[in-house]
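Peer 1: Take a look at this one; I'll ask things after.
The values are calculated or read from the model by the stated rules, or taken from the named source; none is laboratory data. From a predicted model like this one, the values you see are computed outputs, not experimental measurements. A quick note on method: Cβ atoms are made from the backbone with ideal geometry, for glycine too, and the neighbour counts reach across all protein chains shown. The area values use the complete protein model at the heavy-atom level, side chains included, leaving out ligands, DNA and RNA. Shrake-Rupley method; radii C 1.70, N 1.55, O 1.52, S 1.80 Å.
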Amino acid sequence: ELQRRHFLHTWDLVTAVPFFQGLGAAAIADIVRLLRAREVAEGTIIVRVGEPGDAMYFIVSGEVTVQLTSEPLMLGPGSFFGEMALLFGTPRSATVTVTKPSVLLVLDIADFRELAGRRPEVVNLIEIEGKRRREANAAMARF
Ligand code: CMP
């Protein structure tokens, strides 16, 4: 019963994220099984620049700030972060701090790999954005 309630709760959180809304119920059910919801207080550092990546995060509510070398960048509900280290095997490219009390959905690296096998279409969407960010940062570094 507890597990069922947990599933339904995570389901509600996942379907609130626009990124997942185009997916069918079967794909959403797969994702819900892999995600863990986490409430995070303002000021919490989620990801530190230079560290190896062990998870990525979807923002249900609240706000995080990505400490880019150029200027800080705010991400809000529906965005995700921490995908680059998982996709490219690189150290964390920036520190990410929670700047408003937030609800995040956590996808651990092992589950990310499982999702890539089961639902490549979802990970492809994440990869498109990850590549765009990598390009943007590289262009900024050359500037
Ligand atoms: P990762 O490198 O794993 O950890 C830091 C995260 O910050 C990174 O993944 C992205 O999710 C995010 N990030 C880095 N650069 C950008 C950018 N230019 N725009 C948006 N998010 C970024």
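Peer 1: When you scan the stretch 86-112, how many residues do you find that are under 20 Å from Leu13 (Cα atoms), under 12 Å from the mean Cα position of the chain (by Cα) and buried (at least 17 other Cβ atoms within 10 Å of the Cβ)?
Peer 2: The qualifying residues number 5.
Peer 1: Moving on to the next point. I need the full set of residues from the stretch 35-85 which are open to solvent by 30 Å² or more (accessible area, probe 1.4 Å), closer than 13 Å to Val103 by Cα and near the ligand (Cβ under 10 Å from one of its atoms), in order please.
Peer 2: Hit for the stretch 35-85 is Ser79, nothing else.
Peer 1: Quick one: which of Thr65, Thr69, Thr90 is modelled with pLDDT under 95, out of contact with any Lys or Arg (no Cβ under 8 Å at 6 or more places or on another chain) and within 28 Å of Arg142 (Cα to Cα)?
Peer 2: Residue meeting the stated conditions: Thr69.
Peer 1: Just to be sure I understand, how many residues within the stretch 13-36 are under 15 Å from the mean Cα position of the chain (by Cα), outside any loop (DSSP other than H, G, I, E, B) and among the hydrophobic types (A, V, I, L, M, F, W, C)?
Peer 2: Looking only at that region, the number is 7.
Peer 1: Next question, about the same structure. For the stretch 132-142, which residues satisfy the criterion of being open to solvent by 50 Å² or more (accessible area, probe 1.4 Å) and touching a residue at least 24 places away in the same chain (Cβ under 8 Å)?
Peer 2: Within the stretch 132-142, Arg134, Asn137, Met140, Ala141 meet the criteria.
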